[in-house]
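The values are calculated or read from the model by the stated rules, or taken from the named source; none is laboratory data. Not measured: the values here are computed from a predicted model. Cβ atoms come from the backbone with ideal geometry, glycine included; neighbour counts cover every protein chain shown. In case anyone asks, the SASA skips ligands and DNA or RNA and just uses the protein heavy atoms, side chains included. Shrake-Rupley method; radii C 1.70, N 1.55, O 1.52, S 1.80 Å.
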Amino acid sequence: MANSVDNRTSESVMPPIPDRRYYDSFLVPHLGLFLASGANLIVGWVCALFGNSQWLVASAIVMSLAIFVRLGMSLFHARLIEKMPHKRLNAYVQAIEIAISANLGLFGALALVLQLSHNLETLALGYALTYATAMTVRCADRPGWARAHMGLIAAPIVLAGLYVATPGSTVLALIVPGLALSMDKLTQAVHYNLCNIVRISQERKAVSEQYHFLAMHDGLTNLLNRDGFHYALDDLLAQHGPHQRVALLWLDLHRLRDVNESQGYATGDKLLCEMTRRMRACTPDDAVLARFGSDEFLLALPVASRAHAEQLVSKISEHLNRPLRLDLALVEAGTSIGVAILGEDSATVSHLMQSANVALMQAKEQGLETCFYVPEMGSKRAERKELERDLRSAISRGELAVHFQPLIDLDSGRICSFEALVRWTHPEKGEISPEVFIPVAEETGQIITLGNWVTAQAARAAATWPDHILLAVNLSPTQMRAPGAALGILHALRQAGLAPHRLVIEVTESVFLEDSVHARHFMDDLTRAQVHFALDDFGTGYSSLSYLHRYHFDKIKIDRSFVCGPEVGPHSDAIVRAVAGMGRKLGMEIVAEGIETAEQANSLRRAGCTLGQGFYFSRAVTAEMAQQLLERDMNHQTRFDVAL
Ligand code: C2E
Ligand code: MG
Ligand code: MG
């Protein structure tokens, strides 16, 4: 039965009642305590004064002392709790209460033994037994103490009843043990229920703590998540006071996506866990560390000064940027860290986070491992945000246009293709260079819509050109990674009626650095469909020859910094010659970008470049003007007479 009670269940299996509140409730002065104390004193002294016995007076004195000590402890409980361990204090309280109960038991027994008047006897016995009953209920959370109160009151009364041996006292001596036993059962039942309530509330607390933990932490790394970070940062600031400088580090892991895609998500998880372990190992104990996104982490560190922050950040960066071994492969995970300091760069937490994020963007843009926030970054960021917003509506407002710049065969001087270059005329800011807005479009993902639009427009224009004229479009890494990117391009060509073999896609090395898996699939799919590829801006990045070996390129476009500009000289000439020689052997066309003069065109042709592009031949022009250039080219009216 649910309410059947046995001692083993109620006392040994049940958890103890949580102490603090228990002790406090005993000590805190309350009306019941004063009423009971007053009643005890009245009963004690009435019996003592009208009972004509020194024993009763002595007992009343002892009990009064105990009552006053008990009341004193209650009134000064706050100070006592501060000074004395709870357990000891509780023991004292209980001992005093036991002394009071013992005295009340003694009054009952003496009332019988001394044959007091009926009124006094009834008062002493009735009060003592009522008090015993009340105490067993009050001590239901400690059945042992309840038994002690009942025992100390009931036992002397029973013994005295048997000793006096009148019919009434004998009946009383027989009834009181029954009363004690039933009260004990009642105490146990209440205790059992109390324990159940405590257990359930503890279980609920544990579950809610677990939910709270899950809500505040990242499941994989066990680090705080976004919400957890905000709470922990508030705690940190509250602990250290408003004048504490706190450095906020916003960390970004470079290679997670690459590892996920090339080695699988399990290995990506290992990378995250290992980086978490490193971060924990190199940060002080009072730092707050959180995972803020798939590959972003936040770290808040109390610091003494900017110099101290710089020292810590450089140590952390060095530790995190060491290569690590993942499933036997050596990985350079690489991190960029943006840093802002509360109290110096920002006054509020939300501004601090913005500043650290801006510093991180700057670090990533400039390929730095660490970057500290400076106020100018904020205004640049704001400009960039504005650009981002304007770019979003630029296509729909008709502010974008596709222009075409011809590529000239350096031997024949004739146009062989056009490169599509997007142009943006902002209603207020005028012409904005693609070198400014393309990176913004890339970062925000708008490049996918923009790139699709450029490809569609360019293909439509190119479909009107003679069959031997090719169209080149620039494709950025994000476009290549987009799901169905290759199919999208083929669809655009079909829609425009342009044969795939007339399209050249220009990509830069960054495509392979960021994501070789998608790049491979994308290029394989389109190469099978006869689309051509050109490696753009060759010479500006790593210029790794392994890409030329691994992927099929028809053209290499030597960056314009080797052709025009201040760094051009014997060195760049030697490099151009070497690249051109290699291209010839590999059967590739070598395009020289940025040809601005006839001399440059001649010397590049002599150096082995097969195609040329640049202002000398033509700037990027509208589709209509490109048509006119083609017509002039067909009629041999071209001025592109480099070789002639
Ligand atoms: P890119 O693909 O290397 O394009 C060649 C850039 O060199 C063009 O700059 C072109 O105007 C410039 N140029 C051509 N001849 C000369 C010359 O004789 N002297 C000098 N100084 N510059 C010359 P533009 O149009 O400003 O484009 C810059 C970059 O923006 C492009 O470099 C390309 O990476 C990107 N871009 C342009 N349009 C698109 C597009 O539709 N999609 C994507 N993804 N990127 C684009
Ligand atoms: Mg290009
Ligand atoms: Mg280029």
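Annotations
- Residue match in segment 29-43 (condition: over 14 Å from Ala99 (Cα atoms), at pLDDT below 80 and in the same structural domain as Ser101 (by TED's automatic domain parsing)): yes
- For segment 123-144, residues that are over 21 Å from Phe50 (Cα atoms) and either touching a Cys at 6+ places or on another chain (Cβ under 9 Å) or part of a loop (DSSP other than H, G, I, E, B) (or both) total 4.
- Counted residues, segment 111-125 - those being under 16 Å from Asn40 (Cα atoms) and either among the β-branched types (Val, Ile, Thr) or touching a residue at least 12 places away in the same chain (Cβ under 8 Å) (or both): 6
- Contact annotation: residue pairs with Cβ atoms under 6 Å, 6 or more positions apart or on different chains, pairing a residue in segment 500-525 that is in a strand (DSSP E or B) with a partner that is open to solvent by 10 Å² or more (accessible area, probe 1.4 Å) and not hydrophobic (A, V, I, L, M, F, W, C), are Val504/His532; Glu506/Asn474; Glu506/Asp536.
- Residue within segment 181-192 that is open to solvent by 10 Å² or more (accessible area, probe 1.4 Å), among the β-branched types (Val, Ile, Thr), under 60 Å from the mean Cα position of the chain (by Cα) and under 22 Å from Ile67 (Cα atoms) present: no
- Taking first residues from segment 588-600 that are on the phi > 0 side of the Ramachandran plot and partners that are within 16 Å of ligand 3 (Cβ to nearest atom), the Cβ contacts under 6 Å between residues at least 6 apart in sequence or on separate chains come to Gly594/Arg560; Gly594/Val563; Gly594/Cys564; Gly594/Gly614.
- Condition check for Ala499: away from ligand 1 (no atom under 16 Å from the Cβ) and open to solvent by less than 40 Å² (accessible area, probe 1.4 Å): yes
- Residue-level check: of (1) in a loop (DSSP other than H, G, I, E, B); (2) in contact (Cβ under 8 Å) with a residue 60 or more places away in the chain, Pro483 misses just (2).
- Taking the numbered list (1) closer than 17 Å to Leu407 by Cβ; (2) away from ligand 3 (no atom under 16 Å from the Cβ) in turn, Ala620 passes all entries but (2).
- Per-region count, segment 464-504, residues within 16 Å of ligand 3 (Cβ to nearest atom) and touching a His at 6+ places or on another chain (Cβ under 7 Å): 1
- Within segment 252-292, tally of residues that are on the phi < 0 side of the Ramachandran plot and without any contact (Cβ under 8 Å) to a residue 40 or more places away in the chain: 12
- When Val454 is tested against (1) within 30 Å of Glu631 (Cβ to Cβ); (2) without any contact (Cβ under 8 Å) to a residue 12 or more places away in the chain; (3) in contact with a strand residue (DSSP E or B) (Cβ under 9 Å, 6 or more places away or on another chain), just one condition goes unmet, and that condition is (2).
- The residues of segment 344-356 that are open to solvent by 40 Å² or more (accessible area, probe 1.4 Å) and within 23 Å of the chain's Cα centre (by Cα), listed by number, are Ala347, Thr348, Ser350, His351, Gln354.
- Taking the criterion of being part of a helix (DSSP H, G or I) and among the β-branched types (Val, Ile, Thr), the residues of segment 153-168 that qualify are Ile153, Ile157, Val158, Val164.
- 3 or more residues more than 16 Å from ligand 1 (Cβ to nearest atom) and open to solvent by less than 50 Å² (accessible area, probe 1.4 Å): qualifying helices (runs of 4 or more DSSP H) within segment 530-632: 545-550, 570-586
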